Amino acid sequence: AAARNGSEPNDGKREDKGVAILSTLPLEDVFFIELPYEAARRVAASATVRDESGRGLRLANLHLISAAGPSRVLTTGNGSRLRQGLAVGDALDQAEAAGEPISTLLAGDFNTWSERETTLLRLREQFPDSPPPLEEGTHGPFPTDHILFRAGPGDVSLLESSYLRLEESYHSDHHPILVRLRFAD
């Protein structure tokens, strides 16, 4: 769970909100990344999936802060998303350095207003095989949701033509993004 949903339960049950990784393949090497605290606790999730021959793909999902409070902006220059995004990128780099070099897909709600935001520009340096930013907004007119990719040693490729925003929002305030990846034959 990334954050408590309210301070007191309304019906005797307390809910948490956060991020998830859904997969038809078994998840292994699951770990969570505590993001730098900005206004609320946030955690990114990471896990590895493998094809039938054992080749792996690391998946990570995050939800960066949308806006820090005024006092935080004044004291930090409003680098909240940048600090959180770089913490996730660094943790994924460390996981790769400590284990096997595999392809990594980082996705989620980056809460960005533009594809030129520093957070995305810096993370794209760490994920150089990312598809180009979508032209359509995923939350209203804003490109808040993204998929970033770093290819490993030739085992997984991202099919760029598959990267698109879905029209159906499925009762969310965001439009989902679809991307297809392929394990090498």
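The values are calculated or read from the model by the stated rules, or taken from the named source; none is laboratory data. Predicted, not measured: the structure shown is a model, and the values here were computed from it. Cβ: placed from backbone, ideal geometry, glycine included. Neighbour counts: every protein chain shown. All accessible areas refer to the heavy atoms of the entire protein, side chains included, with ligands and DNA or RNA removed. Shrake-Rupley method; radii C 1.70, N 1.55, O 1.52, S 1.80 Å.
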Output the qualifying pairs, or none if there are none: Cβ atoms under 9 angstrom, residues six or more apart or on different chains, first residue in the stretch 153-180 and closer than 18 Å to Gly137 by Cα, second residue among the acidic types (Asp, Glu) and assigned to a strand (DSSP E or B). Arg165/Asp145; His174/Asp109; His174/Asp145; His175/Asp145; Pro176/Asp145; Ile177/Asp145; Val179/Glu160
It is to be established whether one or more residues within the stretch 86-96 are open to solvent by 20 Å² or more (accessible area, probe 1.4 Å), within 23 Å of Asp145 (Cβ to Cβ), out of contact with any Lys or Arg (no Cβ under 6 Å at 6 or more places or on another chain) and at pLDDT below 90. no
Pair list, Cβ < 9 Å and 6+ apart or interchain, from the stretch 28-55 residues that are crowded, with 19+ Cβ neighbours inside 10 Å to residues that are among the aromatic types (Phe, Trp, Tyr): Ala44/Phe32; Ala45/Phe31; Ala45/Phe32; Ser46/Phe31; Ser46/Phe32; Ala47/Phe31
Exactly one condition in (1) at pLDDT 95 or above; (2) in contact with a Gly (Cβ under 7 Å, 6 or more places away or on another chain); (3) hydroxyl-bearing (Ser, Thr, Tyr) is false for Thr119; which is it? (1)
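Any chance you could count how many residues in the stretch 134-158 are closer than 21 Å to Asp51 by Cα and open to solvent by less than 50 Å² (accessible area, probe 1.4 Å)? I'd like the intermediate steps shown before the answer.
If we filter the stretch 134-158 for residues that are closer than 21 Å to Asp51 by Cα, which is where we start, we get 147-158.
If we keep only those that are open to solvent by less than 50 Å² (accessible area, probe 1.4 Å) too, we end up with 147-152, 155-156, 158.
Final tally of qualifying residues: 9.
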Give the residues of the stretch 113-133 that are open to solvent by less than 30 Å² (accessible area, probe 1.4 Å) and touching a residue at least 40 places away in the same chain (Cβ under 8 Å), sorted by residue number. Thr119, Pro131
Given (1) open to solvent by 70 Å² or more (accessible area, probe 1.4 Å); (2) modelled with pLDDT under 95, number of the condition Ala2 does not satisfy: (1)
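Please work out if Gly99 is small (Gly, Ala, Ser), open to solvent by 30 Å² or more (accessible area, probe 1.4 Å) and more than 17 Å from the chain's Cα centre (by Cα). Steps first, answer last, please.
On the way: small (Gly, Ala, Ser): yes; open to solvent by 30 Å² or more (accessible area, probe 1.4 Å): yes; more than 17 Å from the chain's Cα centre (by Cα): yes.
Taking the combined requirement at face value, the residue satisfies it.
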Residue check for Thr75: more than 23 Å from Ala20 (Cα to Cα), open to solvent by 60 Å² or more (accessible area, probe 1.4 Å), more than 15 Å from the chain's Cα centre (by Cα) and at pLDDT 90 or above: no
In this structure, is Ser80 open to solvent by less than 20 Å² (accessible area, probe 1.4 Å) and at pLDDT below 90? yes
